[in-house]
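The values are calculated or read from the model by the stated rules, or taken from the named source; none is laboratory data. Since this is a predicted model, take the numbers as computed values, not measurements. Here the Cβ positions follow ideal geometry from the backbone for every residue, glycine too, while neighbour counts run over all protein chains shown.
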Amino acid sequence: MNSQQSPFVTLLEHSGDLMFQARGANYLEALANASIGLVHQIIPVDSIREAEERELTIAGDDETSRTVAFLNELLYFVNGRLWLPRRVRTLTQCSKKSCSELYAVLAGEPVDPARHIFKYDIKAVTYHEFAIRREDNLTMIQFLCDL
Amino acid sequence: MPSDHVSFEQIGPFRYRIRRSGRSDMRTDGIMFLNEALAKKLEVDESPKQVANVATLPGIVGNSLAMPDMHWGYGFPIGGVAAFDVNEGVISPGGVGYDINCGVSLTRTAFHLNEVKPKLAQLVNRFFERIPTGVGSHGALKVSKSDFEQVIVNGANWAVKQGLIPEADRLHMEDEGCLDGADPDAVSDRARERGFDQIGTLGAGNHFVELQVVEQIFDEKTAAAFGLFLGQICIMVHSGSRGFGYQVCTEYLPVMDKAANKYGISLPDRQLACAPVGSNEGKRYFAAMKCAANYAWVNRLVMKHHAAKVMVEVMQASEERCGIRLVYDVCHNIAKIEEHLVDGKLRRVCVHRKGATRSLPADHPLVPEAYRHVGQPVLIPGDMGRASYVLVGAETALAESFGSAPHGAGRLMSRHQGLKLMRGDDVRAKLAEQGIIVQARSKATLAEEQPDVYKDVEEVVKVAAGAGLAKPVARLKPLGAIKG
């Protein structure tokens, strides 16, 4: 992946922070692309090995809050647990009406200071200008990160 | 990004208004302190819309305000100030930001430029070695778990007890470096985990430690009160509550999002999620926010402590000879309960300053005793190539901006535009030609933070002074900087 862009993630101009648009054939694919695109802005994902797996379950009342929480949980993995996701191996959501969970299996490895050079201090994914919409037969997720 | 146009009009010198009548959901006008040049820059910026959004929140008192350095943020604009009635109004994590109590400290020394110049490179390099910088930086100070709890409850008082700063320094801090009512039970283990070994670390982005020289004094009497003289070497630190504060904000936003629904608060932007100040959700966030504010003060104090040690070692002088004393420490991302006179009535309000500095005039009881005859120091850092300013609080700020002034130059360009403008190595070389030595963990940071991506701080200071928000005292020129 190029350090600024990938085929699935576009960075938009914003005066202070980083705004992403991630695309996929459906919501889950777009979210997986958003996840790796987000990590890639912190550390080039090519430098991350798929050495182990971590599970991630996120609940939320609506799609927006679930998506924002999911991406913030990834940031916690990176900045809090110092564990770097390289790939989203599994990503599902409950199809039942009453269910409001996202479940993911991530492949990656712990931070190795010798190989992993952090580029940005992404503080959080915000709700500001957040959007999920269908465009050109793709699902697009737009989100702004505070740097 | 496409801009939702919000129209505004000039209503007087340095004042522009967004009329509440322009949007059905606005409860009050938006007032932006600008001149023509700064107003023009907002044509491609979303921040006026954000000023209008803040004006829709319940219990807002007076106007929704923006300082001269305003620019597009998330939720509140950067440079946004809003006060909410403590009984009818709200508190919003989006009005404080993720970097709770991000702020600036200014430390003076007894050295003149002539004494320090031959050792400038050595000083900057030693600062860079001693103060951890960059994303995820850690390890500047080892604390026990019980000490950590003391840090978040007692703030600068803890630093005094540890001998990191003299008591006199604590008295020269906003709120004397501690917000009462910090409740550790309101803070998660995750926040502790993220913040535990980051005390005394700079972080990345626009944070810095700078060696500066006082190159111009505008107000001799006030400068003397602050202990500043021409040619004097000072140290400025800009940082905040690191991962601890980010985690507090991240965790409380969904809580406040639900609370907004529960209390029937309609939000134009979910990042403005909020709850009544007196609600359980509001009180709990406020108590956690105070922990992060106290953490941030200690964070800056530890960096100041390390910088002072470096000065002693490199200048081969005693601490007394170095004369290192804190001039002041201000927070610029915060919410506080304050009393303000509004339309002739004293109101208790929760003032949110998101990228704005408190500005209190002479004789105000919250100004440190040593400065009460002149007013509170207002610290406005610029970029690493031009200047930073010391101002002093003014009466007009109390009357019109809930005692607030700008907090910096304000970004003009995105980080991506910065990267395209000039490479990090070239930025370093260009600054070196101007006699400014810069050390950074990342070359990209240098490119993204180069002087031209910021508005000229001089323009911001002119407007702040013209509008009466604060009065210029001294201009400080950067000599060296460390960045993340």
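Residue pairs, Cβ under 7 Å, 6 or more apart or interchain, first in region B:1-24 and closer than 19 Å to B:Asn53 by Cβ, second among the acidic types (Asp, Glu) and at pLDDT 95 or above. List them.
B:Tyr16/B:Glu9; B:Arg17/B:Glu9; B:Arg17/B:Asp29; B:Ile18/B:Asp29; B:Arg19/B:Asp29; B:Arg20/B:Asp29
Checking B:Val44 against (1) under 26 Å from B:Glu458 (Cβ atoms); (2) within 14 Å of chain A (Cβ to nearest Cβ); (3) surrounded by 15 or more Cβ atoms within 10 Å (Cβ to Cβ): exactly one of these is not met. Which one?
It is condition (3) that B:Val44 fails.
Each row is one residue, and each column tells you yes or no for (1) buried (at least 18 other Cβ atoms within 10 Å of the Cβ); (2) over 26 Å from B:Val213 (Cβ atoms).
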{"site": "B:Gly97", "(1), (2)": "yes, yes"}
{"site": "B:Cys102", "(1), (2)": "yes, no"}
{"site": "B:Ser105", "(1), (2)": "yes, no"}
{"site": "B:Ala110", "(1), (2)": "yes, no"}
{"site": "B:Val116", "(1), (2)": "yes, no"}
{"site": "B:Asn125", "(1), (2)": "no, no"}
{"site": "B:Arg130", "(1), (2)": "yes, no"}
{"site": "B:Leu141", "(1), (2)": "yes, yes"}
{"site": "B:Lys145", "(1), (2)": "no, yes"}
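Condition check ((1) away from chain A (no Cβ under 11 Å); (2) more than 30 Å from B:Asp363 (Cβ to Cβ)) across all residues:
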position: B:Ala186; (1), (2): yes, yes
position: B:Glu193; (1), (2): no, yes
position: B:Gln198; (1), (2): no, yes
position: B:Phe208; (1), (2): yes, yes
position: B:Gly227; (1), (2): yes, no
position: B:Gln232; (1), (2): yes, no
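Look at B:Tyr252 and say whether it is under 22 Å from B:Arg353 (Cβ atoms), touching a strand residue (DSSP E or B) at 6+ places or on another chain (Cβ under 8 Å) and either facing chain A (nearest Cβ under 10 Å) or not in a loop (DSSP other than H, G, I, E, B) (or both). Talk me through it step by step, then tell me what you get.
On the way: under 22 Å from B:Arg353 (Cβ atoms): yes; touching a strand residue (DSSP E or B) at 6+ places or on another chain (Cβ under 8 Å): no; either facing chain A (nearest Cβ under 10 Å) or not in a loop (DSSP other than H, G, I, E, B) (or both): yes.
So B:Tyr252 fails the test.
Scanning region A:105-138 for residues that are closer than 30 Å to B:Ser92 by Cβ and more than 9 Å from chain B (Cβ to nearest Cβ), which turns out surrounded by the most Cβ atoms within 10 Å (Cβ to Cβ)?
Only one residue tops the list, namely A:Ile132.
Would you be able to tell me the number of residues in region B:183-216 that are part of a loop (DSSP other than H, G, I, E, B), out of contact with any Leu (no Cβ under 7 Å at 6 or more places or on another chain) and over 18 Å from A:Tyr76 (Cα atoms)?
Taking region B:183-216 and keeping what is part of a loop (DSSP other than H, G, I, E, B), we get B:183, B:187-188, B:196-207.
If we keep only those that are out of contact with any Leu (no Cβ under 7 Å at 6 or more places or on another chain) too, we end up with B:183, B:187-188, B:196-198, B:201-204, B:206-207.
After this cut, where a residue has to be over 18 Å from A:Tyr76 (Cα atoms) as well, the list is B:183, B:201-202, B:206-207.
So the answer is 5.
In the set B:Gly75, B:Gly80, B:Gly95, B:Gly30, which member is over 16 Å from the mean Cα position of the chain (by Cα) and either away from every other protein chain (no Cβ under 12 Å) or basic (Lys, Arg) (or both)?
Numbers: B:Gly75 fails: either away from every other protein chain (no Cβ under 12 Å) or basic (Lys, Arg) (or both); B:Gly80 fails: over 16 Å from the mean Cα position of the chain (by Cα); B:Gly95 fails: over 16 Å from the mean Cα position of the chain (by Cα).
Checking each option against the conditions leaves just B:Gly30.
With the requirement that a residue be surrounded by fewer than 20 Cβ atoms within 10 Å (Cβ to Cβ) and of a type in the set (A, V, I, L, M), what does region A:33-57 give you?
Within region A:33-57, A:Val45, A:Ala51, A:Leu56 meet the criteria.
Inside region B:315-354, counting only strands (runs of 3 or more DSSP E) that do not spill past its ends, which hold 3 or more residues that are farther than 30 Å from A:Gly16 by Cα?
In region B:315-354, B:333-342, B:345-354 are the strands (runs of 3 or more DSSP E) which contain 3 or more residues that are farther than 30 Å from A:Gly16 by Cα.
Taking region B:141-152 on its own, how many of its residues are in contact (Cβ under 8 Å) with a residue 40 or more places away in the chain and touching a helix residue (DSSP H, G or I) at 6+ places or on another chain (Cβ under 6 Å)?
The qualifying residues number 3.
Just checking, how many residues over region B:453-465 are within 14 Å of chain A (Cβ to nearest Cβ) and at pLDDT 95 or above?
Of region B:453-465, the ones within 14 Å of chain A (Cβ to nearest Cβ) are B:453-455.
Okay, now just the ones that are also at pLDDT 95 or above, so none.
Residues that pass the stated criteria total 0.
Within region B:1-8, does at least one residue satisfy the condition of being in contact with a Gly (Cβ under 8 Å, 6 or more places away or on another chain) and either among the small types (Gly, Ala, Ser) or within 19 Å of B:Lys336 (Cα to Cα) (or both)?
Filtering region B:1-8 down to residues in contact with a Gly (Cβ under 8 Å, 6 or more places away or on another chain) leaves B:6-8.
Still in the running and either among the small types (Gly, Ala, Ser) or within 19 Å of B:Lys336 (Cα to Cα) (or both): B:7.
Scanning region B:1-8, I find at least one residue that is in contact with a Gly (Cβ under 8 Å, 6 or more places away or on another chain) and either among the small types (Gly, Ala, Ser) or within 19 Å of B:Lys336 (Cα to Cα) (or both), so the answer is yes.
Mind listing just one residue for me: the one in region B:429-445 that is closer than 18 Å to B:Gln212 by Cβ and touching a helix residue (DSSP H, G or I) at 6+ places or on another chain (Cβ under 7 Å) and, of those, nearest to the other protein chains (Cβ to nearest Cβ)?
This residue is B:Ala440.
Which residue out of A:Gln41, A:Gln93 is in contact with a Leu (Cβ under 6 Å, 6 or more places away or on another chain) and either within 12 Å of A:Val125 (Cβ to Cβ) or more than 10 Å from chain B (Cβ to nearest Cβ) (or both)? So that I can check it myself, show each step before the final result.
Details: A:Gln41 fails: in contact with a Leu (Cβ under 6 Å, 6 or more places away or on another chain).
Just a single option satisfies the conditions, and that option is A:Gln93.
When A:Arg86 is evaluated against the numbered criteria (1) farther than 30 Å from B:Ser442 by Cβ; (2) under 13 Å from the mean Cα position of the chain (by Cα), which criterion, by number, is the only one it fails?
It fails just one condition, (1).
If I go through region B:283-297 residue by residue, how many of them are crowded, with 24+ Cβ neighbours inside 10 Å and either more than 14 Å from chain A (Cβ to nearest Cβ) or among the aromatic types (Phe, Trp, Tyr) (or both)? I'd like the intermediate steps shown before the answer.
Within region B:283-297, the subset crowded, with 24+ Cβ neighbours inside 10 Å is B:285-286, B:288-297.
Checking the rest, the ones that are also either more than 14 Å from chain A (Cβ to nearest Cβ) or among the aromatic types (Phe, Trp, Tyr) (or both) come to B:285-286, B:288-291, B:293-295, B:297.
The qualifying residues number 10.
With respect to B:Ala168, determine if the residue is within 23 Å of the chain's Cα centre (by Cα), assigned to a helix (DSSP H, G or I) and surrounded by fewer than 19 Cβ atoms within 10 Å (Cβ to Cβ). Outline the logic, then answer.
Details: within 23 Å of the chain's Cα centre (by Cα): yes; assigned to a helix (DSSP H, G or I): yes; surrounded by fewer than 19 Cβ atoms within 10 Å (Cβ to Cβ): yes.
So B:Ala168 passes the test.
Is it the case that some residue within region B:180-191 is touching an Asp or Glu at 6+ places or on another chain (Cβ under 8 Å) and among the charged types (D, E, K, R)?
Going through region B:180-191, the residues touching an Asp or Glu at 6+ places or on another chain (Cβ under 8 Å) turn out to be B:184, B:188, B:190-191.
Subset that is among the charged types (D, E, K, R): B:190.
Yes, because at least one residue in region B:180-191 is touching an Asp or Glu at 6+ places or on another chain (Cβ under 8 Å) and among the charged types (D, E, K, R).
Inspect all residues belonging to region A:57-71 and state whether any of them is farther than 15 Å from B:Pro254 by Cα and within 14 Å of another protein chain (Cβ to nearest Cβ). Working first, answer last.
If we filter region A:57-71 for residues that are farther than 15 Å from B:Pro254 by Cα, which is where we start, we get A:57.
Those still in the list that are within 14 Å of another protein chain (Cβ to nearest Cβ) too: none.
Checked against the condition, which is being farther than 15 Å from B:Pro254 by Cα and within 14 Å of another protein chain (Cβ to nearest Cβ), region A:57-71 yields no hits at all.
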